[in-house]
Amino acid sequence: MQLPYFQDEFIEAGCDEAGRGCLAGPVFAAAVILPKNFQHDLLNDSKQLRESDRFALRQIIEQEALAFGVSMVDHQEIDKINILNASIKAMHLSVDQLSIRPSFIIIDGNRFKPYQDIPHQCVIKGDGKYFSIAAASILAKTYRDEFMLNLASEYPKYDWASNKGYPTVKHRKAVIEFGLTPYHRKSFRVSDPQLSLSI
């Protein structure tokens, strides 16, 4: 069962990212402050939802959130500072955008760097435990999916319309056959030793 907040003394923002495990494109992150009485039956980890449900929820979250921010760090910066640092940077940029300053931040996962002087708590599988993290996961995922869909027609051989840049077999095969696009992360391993390719 999901909870509305981790603590009820301070204004709390939930943060999550999307696209960390992708071979191409940016990593997106979001920060969301929800009203304390917010709840929605569908709101859960974005990966558990149908695409249509995610986009429907995005509208509700953006209408009802007290504040939200969405940011991205591109593939070139990911290659320079690594994906963990890029994910944390995107979360910090999203908190920067909040029109209300939170006094506490909860983050999906187990790694984060302090944002200014605001206390924080990492929560493993937090997108399945707290509404604000689940809401952040919805925003990050839908904005990133839109970004990759816009690129998909430019590079149809890589099947980004379906895989959104994640390392599917079809995506890996396309990279091996046609090479990297300008949007691929050069620091990521494309060929998987468990993937047998017949070219």
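The values are calculated or read from the model by the stated rules, or taken from the named source; none is laboratory data. No experiment lies behind these values; they were computed from the predicted model shown. Cβ: placed from backbone, ideal geometry, glycine included. Neighbour counts: every protein chain shown. These accessible areas exclude ligands, DNA and RNA; they are computed on the full protein's heavy atoms, side chains included. Shrake-Rupley method; radii C 1.70, N 1.55, O 1.52, S 1.80 Å.
Table for the structure above
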quantity: Within the chain, helix-based [θ] at 222 nm, where runs of 4 or more DSSP H residues each add -39,500 (n - 2.57), nearest 500; calculated: -11000 deg cm²/dmol
quantity: Most to least accessible of I81, I105 (protein chains only, probe 1.4 Å); calculated: I81, I105
quantity: Dipole in debye (nearest 20) - the stretch 73-199, about Cα centre, beta carbon charges: Lys, Arg +1; Asp, Glu -1; calculated: 300
quantity: Per residue, in Å², the accessible surface of the stretch 72-199 once ligands and nucleic acids are set aside, probe 1.4 Å; calculated: 51
quantity: All aspartates and glutamates inside 19 Å of K173 as judged from Cα atoms, apart from same-chain residues fewer than 8 positions distant; calculated: E154, D159, D192
quantity: Gained length - L3 relative to K170, 0.36 nm times residue gap less alpha-carbon distance; calculated: 56.3 nm
quantity: Carbon and sulfur %, accessible surface of the chain computed with the full protein complex present, 1.4 Å; calculated: 50
quantity: At R0 = 41 Å, FRET efficiency that the Cβ-Cβ distance of S103 and K186 yields, to 0.05; calculated: 0.55
quantity: Stretchable slack from I118 to K36, in nm (0.36 nm times residue separation minus alpha-carbon distance); calculated: 27.6 nm
quantity: Computed accessible area, H120, all protein chains, 1.4 angstrom probe, square angstrom; calculated: 60
quantity: Residue-wise HN-Hα coupling along the stretch 179-190, computed from phi with Karplus coefficients 6.51, -1.76, 1.60 (Hz; x: Gly, Pro); calculated: x, 7, 8, x, 9, 6, 7, 6, 7, 9, 6, 8
quantity: Three-way shape call for the stretch 1-155 based on the alpha-carbon gyration tensor, with the a/c threshold at 1.5; calculated: oblate
quantity: Unsatisfied cross-links (Cα-Cα over 18 Å) in the set K80/K186; K47/K141; K47/K113; calculated: K47/K113
quantity: The stretch 1-56, dipole about Cα centre (Lys/Arg Cβ +1, Asp/Glu Cβ -1), debye to the nearest 20; calculated: 220
quantity: Amide hydrogen neighbours beyond the local backbone of R185, cut-off 5 Å, H modeled; calculated: A24, G25
